[in-house]
Amino acid sequence: MTIVGDAQAEPDAGSTSGRAEPWAGSLERVDLGEIPYEEATEDMRGWVAERRAGQAGDRLFLLSHPPVITYGQRTDPADLRLGQHDIPVLPVDRGGYATYHGPGQLVGYLVLDLRERGPADVVRWLESGLVRALGELGFTAQRRPTPPGASSLVGVWTADERKVASIGMRIRHGITSHGFALNVDPDLGAFDQFTVCGLPGVRMTSLHELAVEQGVTPADDPAVRDAVFRALTTQP
């Protein structure tokens, strides 16, 4: 099953739905620095194999990437605008449309065994957790329903419908991989170089931009990491 924040889900026989439980007391946090995207995806294959074999528990890997545009199988090649910018472009196995990763963005890769929890709507759980984390940091955020037949609006949005976090996950044999990208203080101009999430005209924002608008001190990366982890491991 590929659950993607930038496209509709692609179910298979192992798909699950329902209410996700919090990972209170059982989710291990792994803090990493900046890792090239291709290196991280190779590492992720190992993390998934370890979880499937029971050699590790459920883990949240927090990191960042050098500038890169990634895209899944649903992406229209025209969305990538190849030759019109110098950002590296890479295909990924999460399905979905194109998104950007770069410095100033917090990426969270979740490697969870859903088989031990039964039915779980892990994307809804993740959206709700990120909304709570932003609330703790002083920002009002929301989930948005996707109209029938439209490109997915999965992710986290401001009240004026700017997107601050994207979600793209894959579930295979009951194990999740990939996760979310939260804009802390990235180069927002990078999102103008291609069609983001299959949504022409989508407006992207960051916690830094929101803080400036509110006249408050922007949260730094450690504070954002702490808030996200707390939100994903406590009962709402």
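Overview of values
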quantity: Enumeration of residues in the range 48-62 that are surrounded by fewer than 20 Cβ atoms within 10 Å (Cβ to Cβ) and within 18 Å of the chain's Cα centre (by Cα); calculated: D58, R59
quantity: Breaking point among (1) closer than 13 Å to Q193 by Cβ; (2) modelled with pLDDT under 95; (3) not in a loop (DSSP other than H, G, I, E, B), for R115; calculated: (1)
quantity: Whichever residue in the range 199-219 is part of a helix (DSSP H, G or I) and among the charged types (D, E, K, R) and, among such residues, is farthest from G155 (Cα to Cα); calculated: E213
quantity: Search result, residues across the range 52-70 that are out of contact with any helix residue (DSSP H, G or I) (no Cβ under 6 Å at 6 or more places or on another chain) and in a strand (DSSP E or B); calculated: R59, L60, F61, L63, S64, I69, T70
quantity: Pick from the range 1-44, criterion aliphatic (A, V, I, L, M), assigned to a strand (DSSP E or B) and modelled with pLDDT of 50 or more, ranking: nearest to E116 (Cα to Cα); calculated: V30
quantity: Extreme residue, most open to solvent (accessible area, probe 1.4 Å), among residues of the range 153-176 that are part of a loop (DSSP other than H, G, I, E, B) and touching a strand residue (DSSP E or B) at 6+ places or on another chain (Cβ under 7 Å); calculated: A159
quantity: Search result, residues across the range 179-198 that are open to solvent by 30 Å² or more (accessible area, probe 1.4 Å) and either within 21 Å of G129 (Cβ to Cβ) or not in a helix (DSSP H, G or I) (or both); calculated: D185, D187
quantity: Selection status of R144, open to solvent by 10 Å² or more (accessible area, probe 1.4 Å), within 13 Å of the chain's Cα centre (by Cα) and of a type outside the set (A, V, I, L, M, F, W, C); calculated: no
quantity: Enumeration of residues in the range 87-111 that are modelled with pLDDT of 95 or more, in a loop (DSSP other than H, G, I, E, B) and either within 17 Å of K163 (Cα to Cα) or touching a helix residue (DSSP H, G or I) at 6+ places or on another chain (Cβ under 9 Å) (or both); calculated: I87, P88, G102, G104
quantity: Test: residue in the range 144-153 that is in contact with a helix residue (DSSP H, G or I) (Cβ under 6 Å, 6 or more places away or on another chain) and among the polar types (S, T, N, Q); calculated: yes
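The values are calculated or read from the model by the stated rules, or taken from the named source; none is laboratory data. Just so it is clear, the structure is predicted and the values come from calculations on it, not from any experiment. Heads up, the Cβs are rebuilt from the backbone with ideal geometry, glycines too, and the neighbour counts pull from every protein chain shown. Areas reflect the complete protein model, heavy atoms only, side chains present, ligands, DNA and RNA absent. Shrake-Rupley method; radii C 1.70, N 1.55, O 1.52, S 1.80 Å.
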